[in-house]
Amino acid sequence: MFLILLTISLTGCKKNEISIPPANQVKSIVDYSNNYDTLYFQNIEYILYNPYKKSGNLELKGSMHNHTNNSAPVDGYGSGDPVWVAKKLRDEGNFDFYTFTDHNFITPDPEIGDIIWMGAAIEDTKNGHHICAYNLPTYKYIDKGENLFDILNYYNSIGAFTSVAHPNWKYTYLKAETANKISKLHFMEVLVPNDTKGHRCLDVLRSNGLITFSLGVDDFHYNEEWENPNRYFNKSWIIAFAEEKEKTSIWKSLLSGSFYVTNGPAIKISFNNGILNIKSNTESTVSYISYTLDGIQDTISINYTFDASYNWSNNLLWVRAEVINSNGIAFTQAIHLVED
Ligand SMILES: [Zn+2]
Ligand SMILES: [Zn+2]
């Protein structure tokens, strides 16, 4: 069975290589040092990574994990023609940018206009782990086997941006001891339609000093046979603070962490002079989750607020905020101490 599926997908790739334009990989890599803030406590200098230091003025809604009919060999049904899926994201979901992450297949740009295509991507789907790889240089799927680290190393080596998909799902559950061994990862999904607890693993990476950002995704699958065919549509997304509604500018925001994850709440985020400030038009509970240099995780919650602030202190490794209100939940990226 597996061999038959593999043959189908390889044939598909060959056909694509002939008929589609280059993948147009984004080459510019973000220089993290542009986002450093310096704070002083008792004349000691602390350098922090501030993902919101260079935020652009636009707030663009993005959907970075979507399936189409090209996933049918793996999921068994397919989620629609790529043009139909892209138009649904644009017209019903009001998304500004998106890409497809089909199972072990790289679906080309359907070129529909008025929504930004973020480049060739895939969900590398293996037993026990699914890795989304973005910004691929070609449309050719190369199977690097089952090992999580071989797969991550491969995609990182070809200039792709890597993400661990749904680390809390029982079939792809990422153990903390495995997360501990990851040395390079751009993103991790912390919010999917049925799970808001994905920080379990990402916080481990942060505590190890990695700069890895949280993603919220629909993992869009669609099947008219379901009672609610839209149960994986427009349920979790990201808002990018970009300078322009254009692919490279949006990637700059995502790679530097200038975005947040949400399933409803709209928030404003700033970090200035050591104060992480969250504003919302809806009365909210804002929780600040912090982790100290001594390895202690703490949560401070502020209830019934429209405007919450948290002061950085000299024993912190990182802090991030979660916002809960009548619209749902939103997560900021973490501010964290830069380690040499
Ligand atoms: Zn998956
Ligand atoms: Zn998926």
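The values are calculated or read from the model by the stated rules, or taken from the named source; none is laboratory data. Nothing here was measured: the structure is a model prediction, and the numbers come from that model. A quick note on method: Cβ atoms are made from the backbone with ideal geometry, for glycine too, and the neighbour counts reach across all protein chains shown.
Do you know which residues across region 228-242 are in a loop (DSSP other than H, G, I, E, B), buried (at least 16 other Cβ atoms within 10 Å of the Cβ) and not charged (D, E, K, R)? Don't jump to the end; show me each part of the working.
Here is the first cut: in region 228-242, the ones in a loop (DSSP other than H, G, I, E, B) are 228-236.
Checking the rest, the ones that are also buried (at least 16 other Cβ atoms within 10 Å of the Cβ) come to 232-236.
Listed by number, the residues that qualify are Y232, F233, N234, S236.
Collect the residues in region 166-204 that are closer than 26 Å to Y222 by Cβ and of a type in the set (K, R), keeping them in residue-number order.
Those that are closer than 26 Å to Y222 by Cβ and of a type in the set (K, R): K170, K197.
Take K61 and decide whether it is touching an Asp or Glu at 6+ places or on another chain (Cβ under 6 Å) and within 24 Å of K245 (Cβ to Cβ). Steps first, answer last, please.
On the way: touching an Asp or Glu at 6+ places or on another chain (Cβ under 6 Å): yes; within 24 Å of K245 (Cβ to Cβ): yes.
In short, yes.
Go through the residues of region 127-140 one by one and say whether even a single one is among the charged types (D, E, K, R), modelled with pLDDT of 95 or more and assigned by TED's automatic domain parsing to the domain that holds E225. Break it down into steps so the answer makes sense when it comes.
So the first thing to find is which residues in region 127-140 are among the charged types (D, E, K, R), and the list is 140.
From what is left, the residues that are modelled with pLDDT of 95 or more are none.
Checked against the condition, which is being among the charged types (D, E, K, R), modelled with pLDDT of 95 or more and assigned by TED's automatic domain parsing to the domain that holds E225, region 127-140 yields no hits at all.
If I filter region 12-47 down to residues being under 30 Å from the mean Cα position of the chain (by Cα) and of a type in the set (V, I, T), which single residue comes out as modelled with the lowest pLDDT?
Restricting to residues being under 30 Å from the mean Cα position of the chain (by Cα) and of a type in the set (V, I, T), the top hit is I20.
Suppose we filter region 180-200 for residues that are more than 16 Å from ligand 2 (Cβ to nearest atom) and surrounded by fewer than 23 Cβ atoms within 10 Å (Cβ to Cβ); how many remain? Talk me through it step by step, then tell me what you get.
Just the residues of region 180-200 that are more than 16 Å from ligand 2 (Cβ to nearest atom), to begin with: 180-186, 196-197, 199-200.
Add one more test, that the residue is surrounded by fewer than 23 Cβ atoms within 10 Å (Cβ to Cβ), and what stays is 180-185, 196-197, 199-200.
Count: 10.
Take Y222 and tell me if it is in a loop (DSSP other than H, G, I, E, B), within 15 Å of ligand 1 (Cβ to nearest atom) and more than 19 Å from the chain's Cα centre (by Cα).
Values: in a loop (DSSP other than H, G, I, E, B): yes; within 15 Å of ligand 1 (Cβ to nearest atom): yes; more than 19 Å from the chain's Cα centre (by Cα): yes.
Yes: the conditions hold for Y222.
Could you list all residues from region 274-325 that are modelled with pLDDT of 95 or more, on the phi > 0 side of the Ramachandran plot and surrounded by fewer than 17 Cβ atoms within 10 Å (Cβ to Cβ)?
Result: Y304, single match.
Restricting to region 243-272, name every residue that is under 17 Å from R90 (Cβ atoms) and surrounded by 16 or more Cβ atoms within 10 Å (Cβ to Cβ). Please lay out each step first, then the result.
Taking region 243-272 as the starting set, the residues that turn out to be under 17 Å from R90 (Cβ atoms) are 245-247, 250.
Within region 243-272, K245, K247, I250 qualify.
Outside the structural domain of R90 (by TED's automatic domain parsing) and in a strand (DSSP E or B): is that true of S290 in this structure?
Values: outside the structural domain of R90 (by TED's automatic domain parsing): yes; in a strand (DSSP E or B): yes.
Against the criterion (outside the structural domain of R90 (by TED's automatic domain parsing) and in a strand (DSSP E or B)), S290 qualifies.
Between residues in region 197-226 that are under 16 Å from E177 (Cβ atoms) and residues that are modelled with pLDDT of 90 or more and among the β-branched types (V, I, T), which pairs lie under 6 Å by C-beta distance while being six or more apart or on different chains?
Listed by first residue and then by second, the contacts come to L202/V190; L205/T212.
Show me the strands (runs of 3 or more DSSP E) found entirely inside region 21-93 where at least 3 residues are buried (at least 16 other Cβ atoms within 10 Å of the Cβ) and assigned by TED's automatic domain parsing to the domain that holds Y222.
Details: elements: 36-41, 44-49, 58-63.
Strands (runs of 3 or more DSSP E) meeting the threshold: 58-63.
Can you tell me which residue is farthest from the chain's Cα centre (by Cα) among those in region 48-69 that are within 16 Å of ligand 2 (Cβ to nearest atom) and closer than 22 Å to F187 by Cβ?
Looking only at region 48-69, we keep the residues that are within 16 Å of ligand 2 (Cβ to nearest atom), and these are 62-69.
Filter again for closer than 22 Å to F187 by Cβ, leaving 62-68.
On the way: G62: 10, S63: 9, M64: 7, H65: 9, N66: 12, H67: 16, T68: 19 Å.
So the residue we want is T68.
Answer yes if at least one residue in region 196-208 is at pLDDT 95 or above, within 30 Å of A86 (Cβ to Cβ) and among the aliphatic types (A, V, I, L, M), and no otherwise. Can you show your working first?
Within region 196-208, the first condition is being at pLDDT 95 or above, and the residues that meet it are none.
Scanning region 196-208, I find no residue that is at pLDDT 95 or above, within 30 Å of A86 (Cβ to Cβ) and among the aliphatic types (A, V, I, L, M), so the answer is no.
Any idea which residue in region 158-179 is nearest to I211 (Cα to Cα), counting only those that are touching a Lys or Arg at 6+ places or on another chain (Cβ under 8 Å) and within 15 Å of ligand 2 (Cβ to nearest atom)? It would help to see each step written out before you state the result.
Initial filter on region 158-179 (touching a Lys or Arg at 6+ places or on another chain (Cβ under 8 Å)): 159, 162, 167-168, 176.
Checking the rest, the ones that are also within 15 Å of ligand 2 (Cβ to nearest atom) come to 162, 167-168.
Working: T162: 12, P167: 17, N168: 20 Å.
Checking each candidate, the answer is T162.
Count, please, the residues in region 68-100 that happen to be closer than 19 Å to N263 by Cβ and small (G, A, S). Don't jump to the end; show me each part of the working.
First, pick out the residues of region 68-100 that are closer than 19 Å to N263 by Cβ: 88-89, 92-98.
Cutting the leftovers down to small (G, A, S) gives us 93.
The number of residues fulfilling the criteria is 1.
With the requirement that a residue be more than 16 Å from ligand 1 (Cβ to nearest atom), of a type in the set (A, V, I, L, M, F, W, C) and buried (at least 24 other Cβ atoms within 10 Å of the Cβ), what does region 209-219 give you? Break it down stepwise before answering.
Residues of region 209-219 more than 16 Å from ligand 1 (Cβ to nearest atom): 209-214.
Among the residues that remain, those that are also of a type in the set (A, V, I, L, M, F, W, C) are: 210-211, 213.
Correct list: F213 only.
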